[in-house]
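Asker: Below is a structure I'd like to ask you about.
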Amino acid sequence: MPQAICYISNAPTLLDESELHNLFDYTVEANLKKNITGILTYKDGTFLQLLEGNNHEISTLFEKICKDNRHNNITKMIDRPIDYSIFQEYRTGFTSVFRDNQIEDLNLFIESSENSAYARSFKAFLKPFVLIHA
């Protein structure tokens, strides 16, 4: 059964652009190998990630993230079965976002997918990231 988990966390220290690129490149590659779609955003020490995929894969990955020392104060915002992946058709299926124009593109994409309660819920969590860049 397809599942979605969305969480917010804080980095113990601010990440520089090199650290972000390394983390994001690894995340995109690892998730695509497991057929996990979604998005990872970072701004001013805060991560927002949405993971979509097989229930077992998503749950196992979230447990791993909870043990990762790059995350503090992890708060799960969404944990639910889904009918479809809203990120299946977005870029490569799993994308990392931390630049202003990328966040704006993501917001526009989500607005076009708002026909489900799931997409509207994710947009509510994304909104603070968009407002930071406005």
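Asker: When SER18, SER9, SER116 are ordered from fewest to most other Cβ atoms inside 10 Å of their Cβ, what list results?
Answerer: Final ranking by Cβ density, sparse to dense: SER18, SER116, SER9.
Asker: Now, a different point. Arrange ILE82, ILE39 by Cβ neighbour counts within 10 Å, fewest through most, would you?
Answerer: ILE82, ILE39
Asker: Can you give the direction-averaged projected area of the convex hull of the alpha-carbon atoms in the stretch 2-99, in nm²? All intermediate terms of the calculation are to be shown ahead of the outcome.
Answerer: On the way: hull surface 22.8 nm².
Result: 5.7 nm².
Asker: Could you give the length gained by full extension between LYS64 and SER116, i.e. 0.36 nm per residue of separation minus their alpha carbon distance, to one decimal place?
Answerer: 15.9 nm
Asker: Sorting THR37, THR46, THR27 on the 10 Å Cβ count, fewest up front, what's the list?
Answerer: Least crowded to most crowded, the residues run THR46, THR27, THR37.
Each value in this text was obtained by applying a stated rule to the coordinates, not by laboratory testing. Treat the numbers as computed from the prediction; the structure is a model and nothing was measured. For neighbour counting, all protein chains shown are included, and Cβ atoms are generated from backbone atoms with ideal geometry for every residue, glycine included.
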